[in-house]
Structure formats: C-alpha cells, structure tokens
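Read through the structure below, which is laid out as structure tokens, and then see the notes.
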Amino acid sequence: MANRIKEKYMANKRYFDYPMLFLVIFLICFGMVMIFSTSSYKSTVTYGNPYHWLIRQGVAVALGAILMFLICKFFDYRLLKNKLVANICYGSSIAMLMLVLVVGAAKKGAVRWITIGGFQFQPSEFAKILLVIYLAYRLSENAHRIRTFKNTIAVMVPCIPIVGLVVTQNLSTALVLCAMIGVMVFVVSPKTKELIGMAGGAVGVLVVYLATANSYRNERLQIWLHPESHEKGFQTIQALYAIGSGGIFGKGLGQSMQKMGFIPESHNDMIFSIICEELGLFGAVCLILVFVALIWRMLLIAMNAEDLFGALIVIGFLTHIGVQVFINIAVVTNTIPPTGIPLPFISYGGSSILVIMAEMGITLSISKRIRL
C-alpha cells in the first residue's frame, strides 16, 4: 500500500531545475560585478561618477528578474502553442525590424535601435525569442510531414524575411539567427546530410563574400588578419595584451590596466578580455565551464520536455546562448574576424539581458512540466 502511494506521488510530482536557476543567478551577479569593474573608470571620466553604466544595467536586470520570475511562476508555456500566437510573434518581428529602417536611431555608425521615451531597445534581440516561438510551433505542428529536403526547406522559407531584415542592420546577429534556425530544424528533419551540406555551403559563401566584398566587412577581415599593422586594429591588439598580461590567475579583480581607455568597449563586447586580465586563465576557464554547465542543464530540459514544442523552444534558446558565447570569445581572442556580439549575461546591454532572462524564464517554465 505504501509503495503504491509513493508511486502515485512520484508520478504526479513536478520537476524544477534549481541547478539551472543557480547558474543563471551566478552569471547575472558575475556580470554586474564585471560591468562595474570594467566601466567604473570610463564612467567617472565621462559622467563624474563610477556607477552610471552599473545603474543602467541594474535597472534592466531588475526588470528582467521580475519578468523571469513571473514567467517561471505563473506562465504556462503551452499557451504559446497556438497558431494565432505564432503568427503574432512572426508579424511582430517583421514589424519591429522594418520600423528600424524607418525611424531607427544611429549609434556608433549603425542603425539598429529604436528610441521610445528616451529609452533605446534593439529589435533584433527581441526577434530572437519571437522567431524561436514561431519556428517551434511550425516545426512541432509539421514534424510528421517533414520527410523530404523539400519539406524541410519549406518550413525554413518564412524565416528568410526576418533574417534578411536583420542582415541589413547586423550581420553577426543574422548569423546567430541562422544558427538557431538551423539547429531547431536539424532536430526535427531526418535530412541531416543535406542540412549539413547546406550549412557548409552557406559558410563558404559567407567567407567568399567577406573576402571579396568592397565594404567595411572586408575591412574587418583585414583587421583580423593584420591587427598589428592595420590602423583600426588597436582594440584587437589591446584585448590580446589584456589576455596575455593576466597570466594564470590574473592581476586581481578591479586591477586591469587595459580598461583605462585602452579598450573602448571594455564593458560591452570586449569584456571577456578584461575578465582574462583580472582573473587570469583560471577565471576565464571557470566562466566557460559555467556556460557549458548552463547549456548542459538546458539540454537536459529539452531532452525531457513534456512535448516537442517545449523541447524545440529550449533548443532554440540554448543555441542562442551557445553561439553567442562562442562568437564573442572567438572575436576577443582574434580567432575570427571582429564583430559586435555581446557575451550573454556578462556584457552591458539592456535589450540583451531582458531577452535572455525572458528566455530563461520560459525554459524554467518548461522544466516545471517535466514529470519525475
């Protein structure tokens, strides 16, 4: 009798991924510490106080924490599995990205932001989460029909306008979107060889384009190849100096020299170089391992999700995190040509942290539906 009661209890018991929640909280707190460490000097020089960027990021983190808690606690992700919701997500992505072309605000030579009431947000960041929801619905509803390569392409075609609009604003973000689409489709489609071949072909076309295009992207390729001699290779060289000078255990938290104006974007895309300088190789490896652990927890949730729709959403989100971590660290270490991709949870950026925390809230909501 006792065994039957225990079995019934276990059958109805819900799961919650506390290890993942801990990893998310750790990354957010670590990011806040590093943003203060990397921005305090420049903030003091520019605004007269060392807390300018820390406060702005803190506001975004607070809003993101509230959003993540509400989604995780009260929101049932299955409400997203609706044709109307999927179409709204798709239409909203297109509308926001087109709006950037019309009324977008220029920042550092790029038009990627929309300003409303004094606040700026980046629509391409929000397009990531909306695209994942839309594509997860499309794939889950048509999984039984995706048997040929033609069917696979047909599911991907509606994503082209979103990627196309993002490409005009930010190639690196478009690459992240392509990776998210590719991995989600790869999970469902049986045509793995064809998809791998198509991905390889796309990479080849991109390399040829970067090598031959007469544009600033070709200039970035030259910076990557010859940072020591190129007039715009200063930031890359300084980032490498920061990484090299950190040694095994670093100079100590807050003791970086390169953040003193040598690396202009030390609290943004180049924050990993300062982490290496202050915390050394040991700290950098530990941070990478934390990201690996987070992706592993998300993969476990995807593998045990209640339905295919939930699993695909988590796959899309973990691809977003994983690809951005890879690209950011590769750029900072000059492994690939320089491009503007923030380090998730760590780099300064309100739109980025809000979207990522919303993704984590949805992922934790999906984990709650797992039966033990």
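The values are calculated or read from the model by the stated rules, or taken from the named source; none is laboratory data. Just so it is clear, the model here is predicted, and its values are computed rather than measured. Cβ atoms come from the backbone with ideal geometry, glycine included; neighbour counts cover every protein chain shown. Heads up: the accessible areas ignore ligands, DNA and RNA and are worked out on the full protein's heavy atoms, side chains in. Shrake-Rupley method; radii C 1.70, N 1.55, O 1.52, S 1.80 Å.
When LEU343 is tested against (1) assigned to a helix (DSSP H, G or I); (2) surrounded by 23 or more Cβ atoms within 10 Å (Cβ to Cβ), exactly one condition is not met: (1). Within segment 254-274, identify whether any single residue is in contact with a Leu (Cβ under 7 Å, 6 or more places away or on another chain) and in contact (Cβ under 8 Å) with a residue 60 or more places away in the chain, and answer yes or no. For segment 254-274, residues in contact with a Leu (Cβ under 7 Å, 6 or more places away or on another chain) and in contact (Cβ under 8 Å) with a residue 60 or more places away in the chain: present.
Filtering segment 38-57 to residues that are open to solvent by 10 Å² or more (accessible area, probe 1.4 Å) and in a helix (DSSP H, G or I) leaves SER40, TYR41, LYS42, THR44, VAL45, THR46, TYR47, HIS52, TRP53, LEU54, ILE55, ARG56. Contact map, segment 147-166: first residue aromatic (Phe, Trp, Tyr), second residue in a helix (DSSP H, G or I), Cβ cut-off under 7 Å, separation 6 or more or different chains; pairs are PHE149/GLU194.
Please go through segment 181-215 and pick out each residue that is in contact with a Lys or Arg (Cβ under 7 Å, 6 or more places away or on another chain), modelled with pLDDT of 80 or more and open to solvent by less than 40 Å² (accessible area, probe 1.4 Å). Give the derivation first.
Initial filter on segment 181-215 (in contact with a Lys or Arg (Cβ under 7 Å, 6 or more places away or on another chain)): 190, 210.
If we keep only those that are modelled with pLDDT of 80 or more too, we end up with 190.
Answer for segment 181-215, where residues must be in contact with a Lys or Arg (Cβ under 7 Å, 6 or more places away or on another chain), modelled with pLDDT of 80 or more and open to solvent by less than 40 Å² (accessible area, probe 1.4 Å): there is none.
So, of the residues in segment 164-177 that are touching a helix residue (DSSP H, G or I) at 6+ places or on another chain (Cβ under 6 Å) and open to solvent by 20 Å² or more (accessible area, probe 1.4 Å), which turns out to be modelled with the lowest pLDDT? Once the filter is applied, the top-ranked residue is VAL167. Restricting segment 79-101 to residues that are over 22 Å from the mean Cα position of the chain (by Cα) and open to solvent by 100 Å² or more (accessible area, probe 1.4 Å), the residue that is nearest to GLN122 (Cα to Cα) is LEU101. Count of segment 234-257 residues, restricted to those that are in a loop (DSSP other than H, G, I, E, B) and surrounded by fewer than 24 Cβ atoms within 10 Å (Cβ to Cβ), is 10.
For segment 158-193, what are the residues that are among the charged types (D, E, K, R) and within 17 Å of ARG145 (Cα to Cα)? Within segment 158-193, just LYS191 meets the criteria. Beta carbons closer than 6 Å, at least 6 apart along the sequence or on distinct chains, pair a first residue in segment 218-234 that is free of Cβ contacts under 8 Å to residues at least 12 places away in the same chain with a second that is assigned to a helix (DSSP H, G or I) and open to solvent by 30 Å² or more (accessible area, probe 1.4 Å) for HIS230/GLN222.
In summary, ALA305 fulfils each of the numbered conditions (1) surrounded by 23 or more Cβ atoms within 10 Å (Cβ to Cβ); (2) part of a loop (DSSP other than H, G, I, E, B) with the single exception of condition (1).
Looking at this structure, is LEU21 within 21 Å of the chain's Cα centre (by Cα) and either over 21 Å from ALA305 (Cβ atoms) or at pLDDT below 90 (or both)? In short, no.
Does SER352 fit the bill of being within 12 Å of the chain's Cα centre (by Cα) and either in contact (Cβ under 8 Å) with a residue 12 or more places away in the chain or closer than 19 Å to MET298 by Cα (or both)?
On the way: within 12 Å of the chain's Cα centre (by Cα): yes; either in contact (Cβ under 8 Å) with a residue 12 or more places away in the chain or closer than 19 Å to MET298 by Cα (or both): yes.
For SER352, the condition - within 12 Å of the chain's Cα centre (by Cα) and either in contact (Cβ under 8 Å) with a residue 12 or more places away in the chain or closer than 19 Å to MET298 by Cα (or both) - is met.
In segment 124-147, the qualifying residues are those that are touching a Pro at 6+ places or on another chain (Cβ under 9 Å) and open to solvent by 40 Å² or more (accessible area, probe 1.4 Å), and the one that is modelled with the highest pLDDT is ARG138.
Here the condition is being buried (at least 23 other Cβ atoms within 10 Å of the Cβ) and either farther than 18 Å from PRO19 by Cα or not charged (D, E, K, R) (or both); of VAL332, VAL290, VAL323, it holds for VAL332 alone. PHE186: within 22 Å of the chain's Cα centre (by Cα), in a helix (DSSP H, G or I) and free of Cβ contacts under 8 Å to residues at least 24 places away in the same chain, yes or no? Spelling it out, PHE186 is indeed within 22 Å of the chain's Cα centre (by Cα), in a helix (DSSP H, G or I) and free of Cβ contacts under 8 Å to residues at least 24 places away in the same chain.
Kindly evaluate PHE121 against the criterion of being within 20 Å of ILE353 (Cα to Cα), open to solvent by 40 Å² or more (accessible area, probe 1.4 Å) and modelled with pLDDT of 85 or more.
On the way: within 20 Å of ILE353 (Cα to Cα): yes; open to solvent by 40 Å² or more (accessible area, probe 1.4 Å): yes; modelled with pLDDT of 85 or more: no.
No: the conditions fail for PHE121.
Quick check on segment 58-76: of everything there that is assigned to a helix (DSSP H, G or I) and either free of Cβ contacts under 8 Å to residues at least 24 places away in the same chain or not aliphatic (A, V, I, L, M) (or both), which residue is most open to solvent (accessible area, probe 1.4 Å)? Steps first, please.
As a first pass, look at segment 58-76 and keep what is assigned to a helix (DSSP H, G or I): 58-74.
Okay, now just the ones that are also either free of Cβ contacts under 8 Å to residues at least 24 places away in the same chain or not aliphatic (A, V, I, L, M) (or both), so 58, 62, 64, 66, 69, 72-74.
Numbers: GLY58: 24, ALA62: 50, GLY64: 0, ILE66: 99, PHE69: 117, CYS72: 17, LYS73: 117, PHE74: 148 Å².
In this case the residue turns out to be PHE74.
The number of residues in segment 346-370 being in a helix (DSSP H, G or I), of a type in the set (S, T, N, Q) and closer than 25 Å to ALA284 by Cβ comes to 1.
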